[in-house]
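Please read the structure below before turning to the comments.
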Amino acid sequence: MSRPPEPPVFAAPWEAQTFALVVSLHDAGLFTWADWAQALGRHGDRTADYALWLETIEALIAERGLTSPAALAERRAAFARAAAATPHGEPIRLENDPGPA
């Protein structure tokens, strides 16, 4: 008797990348798993999906002085500009960022 296929663990590549980033930063000693759980818990009853993981890791690296909220905001803006400048179906690359208008 065959089993039905398992659903994918990650719905999109960015989710796997976010997971790997969290594990890598933990392994590098940036935070403990207790720190991580506490940081995720700051969001109350919000479902801990990978969007929340990304927000949480951004907050942790800013709190630990590895980046600033302004630098994170600029990176998000650069990505949005690059996405808008990228032809449909092509990979989004930050080098496609035309810069602020």
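The values are calculated or read from the model by the stated rules, or taken from the named source; none is laboratory data. Predicted model only: the values in this text are computed from it and were never measured. Glycine also receives a Cβ, built like all others from the backbone with ideal geometry; neighbour counts cover every protein chain displayed.
Listed values, structure above:
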{"read-out": "Hits in the stretch 15-59 - residues which are without any contact (Cβ under 8 Å) to a residue 40 or more places away in the chain and among the aromatic types (Phe, Trp, Tyr)", "value": "Phe19, Phe31, Trp33, Trp36, Trp53"}
{"read-out": "Elements of type helices (runs of 4 or more DSSP H) contained in the stretch 1-78, each with 3 or more residues being surrounded by fewer than 14 Cβ atoms within 10 Å (Cβ to Cβ)", "value": "13-27, 33-41"}
{"read-out": "Residue check, Pro100 more than 18 Å from Pro13 (Cβ to Cβ) and at pLDDT below 95", "value": "yes"}
{"read-out": "Residue tally, condition among the small types (Gly, Ala, Ser) and under 23 Å from Arg64 (Cα atoms), over the stretch 1-25", "value": "2"}
{"read-out": "Ala62 being within 14 Å of the chain's Cα centre (by Cα) and over 21 Å from Ala16 (Cβ atoms)", "value": "yes"}
